[in-house]
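Report on one structure; see the data block that follows.
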Amino acid sequence: MGELITYERHMDDYGIIRLNRPEKRNAISMEMTALLKDKIQKAEKDNLKFLIITGAGNTMFAAGGDLSELHGELSSEEAYFRLFPMMEVLESILYFPVPVIAKLNGNALGGGCELATACDIRIAKENTKFGYIQSTIGILPGWGGGALLYEKVQPSFALDWITRGDVLSVQELKDRGWIHQIIEEESWEDEKYLSPYIEKSAQQMRLLKAQYRAVIQPEELRRRMVEEVKASASLWESEAHKKALENFSLRKK
Ligand SMILES: C[C@@H](C(=O)O)C(=O)SCCNC(=O)CCNC(=O)[C@H](O)C(C)(C)COP(=O)(O)OP(=O)(O)OC[C@H]1O[C@@H](n2cnc3c(N)ncnc32)[C@H](O)[C@@H]1OP(=O)(O)O
């Protein structure tokens, strides 16, 4: 099984953080959140050209927050305190000194899409699908990744995607500007698609990220991200949410 979050520095001067819990579809637990925070801090010290965040396995990048910890019996206040640390992880990606690339090895749902949105660039394998499905389980995005979506794609599309809770194809999301590149299955492992990033110097990449950070202004965004965590937590005790989580936990019994 190994460590739940791994970090390695590639010889081409980029870093790779991997969600390593494929048997649970890379659902992100509190322990993984703390490890993500640590690994991102470690990567920051490595003078990288860019950082990749990816998932282990072929099916999912991440199935969102771990529903065994983010369960339906929590009070809104408890939910807030369990959601907040992952909001800080998303924020640390915004501040990361060089571009962060989400290398989407599989589908993402809920918080998995939020984590991808926090990254600066999204490269996905063909035939993948992505859904901000939180509204279909009675809540809203809860890590600040809804607020970030409004910055990354056309805001009225963001509102509609989050509201409907649809799972959309990688092609549609490329047309909408959320996905930057779609990679065919047979080219996924050779990573030639990383060459345009590897060819640049660390100094260029730092300057490029600094310019982008000036546009997205994380200091301004923080207030909206915190509001989002509060809004999601405020819906935690709703009947619709309790029912949805009960259905998930009972689905195979
Ligand atoms: C916190 C909030 C936010 O946005 O802030 C969110 O993220 S809300 C969004 C939370 N995410 C979701 O609602 C997605 C829930 N998961 C699913 O719909 C499904 O599991 C899929 C991800 C589509 C995968 O379906 P598939 O049939 O391939 O596998 P499966 O359902 O047998 O799942 C394999 C194992 O992973 C576990 N598993 C899957 N998703 C999980 C999750 N989010 N939290 C905890 N465990 C999870 C299952 O319980 C199962 O464990 P066992 O083998 O031990 O039975």
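The values are calculated or read from the model by the stated rules, or taken from the named source; none is laboratory data. Please read all numbers here as calculations on a predicted model, not as lab measurements. Positions of Cβ are generated from backbone atoms using ideal geometry, with glycine treated the same way; all protein chains shown enter the neighbour counts.
Checking the condition of a type outside the set (V, I, T), more than 11 Å from the chain's Cα centre (by Cα) and modelled with pLDDT under 95, which residue from E199, E189, E126, E151 passes?
E189
Quick check: anything in the range 37-54 within 16 Å of the ligand (Cβ to nearest atom), in contact (Cβ under 8 Å) with a residue 24 or more places away in the chain and in contact with a Lys or Arg (Cβ under 6 Å, 6 or more places away or on another chain)?
no
Filter the range 134-157 for residues that are more than 11 Å from the ligand (Cβ to nearest atom) and not in a helix (DSSP H, G or I); which is surrounded by the fewest Cβ atoms within 10 Å (Cβ to Cβ)?
For the range 134-157, the residue satisfying everything is Q154.
Does the range 158-210 hold any residues that are in a loop (DSSP other than H, G, I, E, B) and under 21 Å from G106 (Cα atoms), and which are they?
Here is the first cut: in the range 158-210, the residues in a loop (DSSP other than H, G, I, E, B) are 165-166, 176-180, 184, 189-191, 199-201.
Scanning the range 158-210 gives G165, D166, R176, G177, W178, I179, H180, E184, E189, D190, E191.
Collect the residues in the range 86-133 that are of a type in the set (K, R) and away from the ligand (no atom under 14 Å from the Cβ), keeping them in residue-number order. Talk me through it step by step, then tell me what you get.
Here is the first cut: in the range 86-133, the ones of a type in the set (K, R) are 103, 122, 125, 129.
The answer is K103, R122, K125.
Would you please name the residue that is modelled with the lowest pLDDT, looking only at residues in the range 239-250 that are within 16 Å of G110 (Cβ to Cβ) and surrounded by fewer than 18 Cβ atoms within 10 Å (Cβ to Cβ)?
S249
How many residues are among the hydrophobic types (A, V, I, L, M, F, W, C) and part of a loop (DSSP other than H, G, I, E, B) when one looks only at the range 92-124?
Residues that pass the stated criteria total 3.
Within the set of pairs 6 or more residues apart or between chains, which connect a residue that is near the ligand (Cβ under 8 Å from one of its atoms) inside the range 17-32 to a residue that is assigned to a helix (DSSP H, G or I) and modelled with pLDDT of 95 or more with Cβ atoms less than 8 Å apart?
I28/L36; I28/M86; I28/G111; I28/G112; I28/L115
Taking the criterion of being farther than 15 Å from A118 by Cβ, in contact (Cβ under 8 Å) with a residue 40 or more places away in the chain, more than 9 Å from the ligand (Cβ to nearest atom) and in contact with a Leu (Cβ under 9 Å, 6 or more places away or on another chain), would at least one residue in the range 63-71 satisfy it?
Yes, the range 63-71 contains at least one residue that is farther than 15 Å from A118 by Cβ, in contact (Cβ under 8 Å) with a residue 40 or more places away in the chain, more than 9 Å from the ligand (Cβ to nearest atom) and in contact with a Leu (Cβ under 9 Å, 6 or more places away or on another chain).
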